[in-house]
1. Find the residue count for region 101-116, including only residues that are under 25 Å from ASP149 (Cβ atoms) and at pLDDT 90 or above.
2. Restricting attention to region 131-145, which residues are within 13 Å of ARG92 (Cβ to Cβ) and among the aliphatic types (A, V, I, L, M)?
3. Among LEU157, LEU218, which is within 26 Å of LYS112 (Cβ to Cβ) and either touching a Leu at 6+ places or on another chain (Cβ under 8 Å) or among the polar types (S, T, N, Q) (or both)?
4. I'm trying to understand the selection: among the residues of region 87-119, which are without any contact (Cβ under 8 Å) to a residue 60 or more places away in the chain and farther than 23 Å from GLU221 by Cβ?
5. Which numbered condition trips up VAL66, out of (1) in contact (Cβ under 8 Å) with a residue 40 or more places away in the chain; (2) buried (at least 20 other Cβ atoms within 10 Å of the Cβ); (3) more than 20 Å from ALA159 (Cβ to Cβ); (4) not polar (S, T, N, Q)?
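The values are calculated or read from the model by the stated rules, or taken from the named source; none is laboratory data. Bear in mind the structure is a predicted one, so any value in this text is a computation, not a measurement. Neighbour counts are summed over all protein chains in view; Cβ atoms, including those assigned to glycine, are modelled from backbone coordinates with ideal geometry.
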Amino acid sequence: MWSGPRNISTAMMRAWGNRPDTFVCDEPLYAHYLNVTGREHPGAQEVIAGGQTDVNRVIDWLTGPVPGGKRIFYQKHMTHHLLPEIPRGWMRELHNCFLIRDPGQMLTSLLKHVPDATIEDTGYPQQVEIFNLVREWKGEVPAVLDSRDVLDNPQRLLALLCDRLGVGFTEKMLSWPPGLRETDGVWAKYWYKEVQTTTTFRPFSAKDEKVPAEFEALARECDRFYRQLYSHRMT
């Protein structure tokens with residue numbers, strides 16, 4: 001699942017992680033990304049120290065046997081973690097899906113954690129790049145979910161996704177116990193304060209916050225990429 005930051009990506013990971021047949025992993029390329037870019041994210045050095053910075057080892061793990069003897073390997077990926085020099089061919093072995101969010105709702109949240117955010121930090125251009133690459137490989141439009149659609153009707157959207165992937169939908173995906181997980185990244189204490197209190201997908205509620213004036217141009221640029229994927233979303 002290729003997502004941008006400050007989406008409902010962790011809630012989606014909770015949904016899949018609550019399936020008894022599924023093993024989930026949380027942003028496995030994050031340590032490599034921070035190690036290479038030097039971006040000053042909350043807890044960056046802790047993430048690097050506790051993660052795998054050798055991208056080839058990460059790829060081998062992601063394309064190897066499903067951990068824990070499970071049937072499904074759900075991989076939560078951030079699109080901006082897929083740096084340009086990382087090979088793409090290994091993704092052919094995955095079922096690549098895309099989780100998108102309206103930039104107007106996303107940016108105000110991201111800027112609280114990354115106050116100097118650029119278009120690359122939002123993940124939108126990388127998401128479009130990966131989407132186009134997968135569409136070229138498969139000869140068909142890959143699955144795209146908009147976060148608002150999921151929040152408005154999680155059962156329908158998750159059922160559509162499961163059908164698309166050829167796995168049975170289960171209502172276990174609609175709720176989960178609160179708190180953190182062993183499968184959460186070490187960055188959870190910085191980024192997951194809200195999601196750790198959830199037990200289900202919370203209904204969509206528009207935020208009153210506005211994107212600061214100095215980031216309005218960035219918001220427009222994000223929206224241009226977002227609209228390209230929004231037109232392909234599953235409904």
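1. The qualifying residues number 8.
2. If we filter region 131-145 for residues that are within 13 Å of ARG92 (Cβ to Cβ), which is where we start, we get 133-139, 142.
Residues satisfying the conditions are LEU133, VAL134.
3. Numbers: LEU157 fails: within 26 Å of LYS112 (Cβ to Cβ).
Within the list LEU157, LEU218, the selection yields LEU218.
4. Of all residues in region 87-119, those without any contact (Cβ under 8 Å) to a residue 60 or more places away in the chain come to 87-94, 112, 115-116.
Correct list: PRO87, ARG88, GLY89, TRP90, MET91, ARG92, GLU93, LEU94.
5. Unmet condition: (2).
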